[in-house]
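Taken together, the values in this text are just the output of simple stated rules run on the coordinates, not laboratory data. The shown structure was predicted, so the numbers you read here are calculated from the model rather than taken from an experiment. Please note: Cβ atoms are built from the backbone with ideal geometry, for glycine as well, and neighbour counts cover all protein chains shown.
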Amino acid sequence: MRAIEWSYWLVFFGLALACGGAGTTPDKTASDQAEQRDSPAGAARSDPHSFARPDEAVVRHLDLDITVDFESQRIYGEAVLSIDNLAQASQLYLDSRDLDVSRVSLDNEGETTFRFGEEDPVLGRPLVIDIQPQTRAVHVEYSSRPQAAAVQWLAPEQTAGGEHPFLFTQSQAILARTWIPLQDTPAVRMTYSATVRVPRELMALMSAENPTQLSTDGVYHFTMPQAIPSYLMALAVGDVAFGELGPKSGVYAEPALLDRAVAEFQDIEAMIAATEELYGPYQWGRYDVLVLPPSFPFGGMENPRLTFATPTIIAGDRSLVSLIAHELAHSWSGNLVTNSNWDDFWLNEGFTVYLEQRIMEAVYGRDYSEMLAILARQELDNTLEELGPESRDTWLHLDLAGRDPDDGMTDIAYNKGYFLLRALEEAAGRQSWDDFLKSYFDHFAFQSIDTEKFVAYLKAELPKNAPQALEKVDIEAWIYGPNLPETAPRPTSPAFEKVDQYLAQWQSTGTLDTAVPAQWSTHEWLHFLRHLPSPLASEKMANLDEAFQLSQSGNSEILAAWLQAAIENQYEPAMPALEHFLTTVGRRKFLKPLYTALAKTPEGKERGRKIYAKARGGYHSVSAATIDEILGWEE
Ligand SMILES: [Zn+2]
């Protein structure tokens with residue numbers, strides 16, 4: 001996911017930096033769970049964010065038969081879970097949150113009894129089903145509730161077309177349980193098949209083999225033959241059309257956006273080829289991208305076979321496609337080799353940012369990718385300052401027990417993770433490091449692993465090709481320690497140095513040469529806007545706005561950076577653009593810093609709350625939860 005910062009929208013997420021706050025789950029959760037886990041088989045139950053007991057009985061395949069009802073805002077139907085009853089268990093533990101269950105039956109016995117455990121505000125409640133040692137399949141008839149946190153139901157006016165409603169899900173990290181009863185932990189992988197019934201004029205898409213045409217009866221069938229973790233379960237329903245990019249790839253978007261999306265993503269086939277060259281074959285069949293309406297809370301989400309992406313990356317000049325490189329990279333780091341719980345999130349995201357940089361370098365050149373690396377370092381330094389350099393949350397190996405795992409989705413997992421892999425590359429030499437990574441993806445393909453497994457494999461394998469490498473990088477300090485080691489790589493960019501010179505010249509002469517910035521890429525603009533003198537008089541802000549039409553920028557990254565400067569310098573003429581942006585875009589990477597900047601002064605906070613009152617209903621729950629905290633908002 002690209003949520004995090006510019007390059008690192010975490011896609012996710014972007015996913016902007018961690019929510020900062022100290023966790024929303026009461027302390028009792030952790031201890032309660034510790035008790036529940038205190039069983040002979042407990043050793044294998046290592047995910048503090050799941051009630052499942054996969055060491056006793058584990059789900060291997062899911063078969064869904066569901067109806068999507070826009071009127072009642074419910075998804076309802078049946079989930080058939082094929083299980084392996086490893087320990088001859090008499091109960092199957094599933095995760096659920098805001099789900100109603102009407103009936104459960106077993107393949108070998110007919111109807112059976114079930115109960116819900118105690119409710120936790122973040123984790124939901126365990127669904128405990130009575131089974132038998134010989135049970136192979138469990139049928140759960142259920143319905144999601146309108147408030148299901150993974151699901152966003154959009155009214156027609158929230159779409160580009162304006163005529164039809166739209167639905168999409170965002171299951172990562174632990175929200176799959178709000179629309180499907182399952183073992184919602186990345187430690188469990190399963191294959192799935194699905195039948196989905198939707199209104200006849202809409203198309204349904206999943207993280208699976210997908211249709212390219214409307215069905216005649218509103219019924220769609222899906223299969224996902226590769227085993228995936230639950231957070232990659234995804235569904236979208238809307239008025240979308242398909243455009244082909246190449247033999248293996250294509251784009252889905254609302255018809256009004258399709259041509260622009262196809263033009264923007266022309267380099268995807270080249271990116272796939274570059275990644276296969278580096279890290280081995282793409283193992284998921286097709287790679288398609290679905291462009292969602294603007295309320296999508298992340299830059300992108302790496303749902304297998306079908307990346308979900310924000311429309312804010314369509315800039316008209318392919319300047320924001322590193323997000324696609326990031327999501328594509330997850331086809332290796334994350335989807336193929338997966339973190340087994342959310343404390344090891346950096347195994348997904350740090351590796352993915354590293355792969356993303358390598359893809360961008362292969363397709364667009366080293367000068368280009370080094371600009372991304374510098375932006376990443378800036379974002380990381382800001383995050384370290386925000387969290388406090390000694391904070392436990394700056395370890396790569398996180399400790400999220402008792403908290404919402406969303407709290408761990410910060411720049412640390414993304415960019416500190418990236419710089420560790422870059423440090424290892426520099427210590428081992430590129431060829432040895434590339435050979436190691438390729439063998440790592442091959443060795444752990446379709447497995448969920450933790451940090452300890454990675455470190456053990458690294459120590460066993462890397463020295464075979466690069467005997468001295470691990471003496472130069474203090475792995476333990478990087479992973480199990482705060483802040484950044486002194487020796488962390490510090491990229492440089494001649495292009496950014498020229499931007500610095502331009503800024504210095506403007507400050508000393510007071511005149512703006514408009515010819516130079518006309519040649520800048522988005523990255524150079526970001527570097528420029530992030531390094532404006534502070535404070536900057538309104539007159540100077542007006543000069544910039546007049547010269548470069550920044551308040552009218554159609555590039556979401558440039559506009560967001562400009563609006564940030566406008567808030568910090570109280571530049572009133574940009575405030576209508578700010579309000580427009582915040583009420584039409586739901587991507588958390590942009591919302592979080594803008595609302596945070598507003599909240600720094602009483603007047604700004606007042607303005608932020610007024611805008612938020614209008615905007616909140618259009619945001620996905622994961623964005624709203626973050627902004628609620630920044631503004632102290634109570635529903
Ligand atoms: Zn990601």
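Observations
- Loop-located trypsin sites (Lys or Arg not before Pro) in the range 174-266 (DSSP state other than H, G, I, E, B) with a sparse environment of at most 13 neighbouring Cβ atoms within 10 Å: ARG200.
- Alpha-carbon radius of gyration plus Dmax, which is the widest Cα pair, for the range 504-631 in Å: 15.1, 48
- The range 316-407: Cα Rg divided by the 2.2 N^0.38 Å rule of thumb: 1.21
- With Cα atoms as the point set, the chain shows a radius of gyration and Dmax of 24.1, 84 Å.
- Beta bridges by DSSP in the chain, antiparallel share as percent, to the nearest 5: 75 percent
- More than 15 angstrom apart: percent of Cα pairs within the range 552-610: 39 percent
- The mean sequence distance of close C-alpha pairs (under 8 Å, at least 6 residues apart), as a share of the length of the range 504-631, puts its relative contact order at 19 percent.
- In summary, the convex hull built on the alpha carbon positions of the range 39-239 has an orientation-averaged projected area of 11.2 nm².
- Once Rg and the Kirkwood radius are both taken over the C-alpha atoms of the range 235-368, their ratio Rg/Rh works out to 0.95.
- For the range 364-403, chymotrypsin sites (Phe, Trp or Tyr not before Pro) meeting the loop criterion (DSSP other than H, G, I, E, B) and having at most 16 other Cβ atoms within 10 Å: none.
- Among LEU529, LEU336, THR352 - extreme Cα towards positive end, dipole of the chain, charges at beta-carbon: LEU529
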